[in-house]
């Protein structure tokens with residue numbers, strides 16, 4: 001779900017960078033020093049999940065796990081996702097530095113929304129409720145990211161409308177897969193390390 005360099009207009013790039021910078025600053029403010037190892041693990045999960053991707057026009061389709069990162073970290077998802085995207089740009093040339101702000105916001109904003117909608121149910125619900133909330137968080141993370149990517153493309157130019165539609169359609173099955181993976185991960189954490197569910201609080 002990385003947008004490649006040389007596609008977006010300058011206003012979209014500047015807006016994305018500004019919004020991402022604000023989110024990262026707020027996330028860093030909320031991050032406790034002793035939680036850095038847990039945040040690093042989730043950054044690694046995001047990094048690895050995105051490695052296997054299928055190019056799709058100016059973007060790509062792949063697992064993201066931003067819903068999982070978001071429902072566990074809240075605003076800390078912004079710096080966590082920024083680190084993972086920066087490493088992907090440096091090591092594999094995914095996306096690019098000029099679109100780093102936009103890509104960060106597109107992935108982290110739905111993650112934060114997932115946190116506010118589903119974190120309480122994930123932490124305090126029984127296994128069935130937690131699984132359902134985690135599924136919705138995973139699906140929302142991918143779906144929200146795809147919608148933001150489509151919005152960025154459409155805002156850049158009308159010639160990207162057809163590509164934006166394809167991106168939205170292509171991510172529908174990914175939403176289901178992400179939901180299932182997020183649900184499995186949350187249930188696993190509730191059994192073996194429930195304190196991880198409190199990282200973003």
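The values are calculated or read from the model by the stated rules, or taken from the named source; none is laboratory data. Note that the structure is a prediction, hence the values are computed from the model and not measured. Cβ atoms come from the backbone with ideal geometry, glycine included; neighbour counts cover every protein chain shown.
Quick notes on this structure:
- Top-ranked residue in region 156-178 [being under 17 Å from the mean Cα position of the chain (by Cα) and surrounded by fewer than 16 Cβ atoms within 10 Å (Cβ to Cβ); ranked as nearest to residue 9 (Cα to Cα)]: 168
- Residue 116 being closer than 26 Å to residue 23 by Cβ, surrounded by fewer than 22 Cβ atoms within 10 Å (Cβ to Cβ) and within 16 Å of the chain's Cα centre (by Cα): yes
- Contact annotation: residue pairs with Cβ atoms under 8 Å, 6 or more positions apart or on different chains, pairing a residue in region 74-95 that is without any contact (Cβ under 8 Å) to a residue 24 or more places away in the chain with a partner that is surrounded by fewer than 19 Cβ atoms within 10 Å (Cβ to Cβ), are 89/96; 89/97.
- Residue-level check: of (1) modelled with pLDDT of 90 or more; (2) touching a helix residue (DSSP H, G or I) at 6+ places or on another chain (Cβ under 9 Å); (3) surrounded by fewer than 22 Cβ atoms within 10 Å (Cβ to Cβ), residue 128 misses just (2).
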